[in-house]
1. Select from the range 139-182 the residues that are touching a residue at least 60 places away in the same chain (Cβ under 8 Å) and within 25 Å of Lys112 (Cα to Cα) and write down the one among them that is farthest from the chain's Cα centre (by Cα).
2. Of the residues Leu84, Leu46, which single one is closer than 21 Å to Met116 by Cβ, under 14 Å from the mean Cα position of the chain (by Cα) and either of a type in the set (Ser, Thr, Tyr) or at pLDDT 95 or above (or both)?
3. Can you pull out the residues in the range 72-97 that are farther than 15 Å from Ser122 by Cβ and in contact with a Gly (Cβ under 6 Å, 6 or more places away or on another chain)?
4. For the range 23-44, does any single residue satisfy the condition of being of a type in the set (Lys, Arg), part of a loop (DSSP other than H, G, I, E, B) and closer than 25 Å to Asp174 by Cα?
5. Is it true that some residue in the range 65-72 is part of a strand (DSSP E or B) and closer than 28 Å to Asp143 by Cα?
Amino acid sequence: MSKDFSLSSFPQLETERLFLRETTLQDAEAVFAILCDPGVTKFHDLDSFTSIKEASALIERRAKRLERGDGIRWGIARKQDNVLIGSCGFTWNPQEHDAAEVGYELASTFWKQGIMTEAVGSILQFGFQKMGLRFVVGQVMVDNIASKKLLEKLGFHSQGVLKQYGFFKGQFHDLEQFVLHK
């Protein structure tokens with residue numbers, strides 16, 4: 001039996017430099033600006049966006065996922081202007097009681113500034129303390145060195161490579177699986 005991860009309201013989180021908040025249709029331009037960058041989508045299961053309509057559709061899909069209790073995705077906004085620069089969140093694992101998979105992306109102009117460590121660290125704390133997660137999984141394409149380093153910095157441990165495990169962008173991909181236990 002899976003735990004019910006539904007929430008009565010969207011949990012706003014705050015870190016030293018960031019607001020982690022619900023993404024709304026008013027954020028569609030910012031989401032488009034992030035996901036139209038091929039550098040950002042290189043290791044993502046999404047193709048680079050070519051229209052703002054794709055950003056609006058993604059925002060709506062993520063809202064429906066939350067409504068169904070399948071997962072949650074926070075928009076990452078800088079405190080100084082509340083403009084979105086990325087997102088991070090969980091997809092609940094229906095086969096594993098009290099487990100989730102983490103996912104994230106960040107605008108390339110903000111890479112290598114510790115932003116994702118700060119944001120994902122905050123949602124991990126929320127997941128373990130408030131949602132009662134026992135463990136979190138991260139699956140990374142084997143060439144995505146930056147993502148591997150992020151997960152290791154946050155305390156995740158590699159469980160090995162899953163051969164031809166992911167299928168997106170028209171082909172199979174080897175994914176390295178990382179796990180963090182409570």
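The values are calculated or read from the model by the stated rules, or taken from the named source; none is laboratory data. Just so it is clear, the structure is predicted and the values come from calculations on it, not from any experiment. In this analysis, Cβ positions are derived from the backbone assuming ideal geometry, glycine residues included, and neighbour counts consider all displayed protein chains.
1. Looking at residues that are touching a residue at least 60 places away in the same chain (Cβ under 8 Å) and within 25 Å of Lys112 (Cα to Cα), I get Asp143.
2. Leu84
3. Once the filter is applied, which keeps residues that are farther than 15 Å from Ser122 by Cβ and in contact with a Gly (Cβ under 6 Å, 6 or more places away or on another chain), the range 72-97 yields Leu84, Thr91, Trp92.
4. Yes, because at least one residue in the range 23-44 is of a type in the set (Lys, Arg), part of a loop (DSSP other than H, G, I, E, B) and closer than 25 Å to Asp174 by Cα.
5. yes
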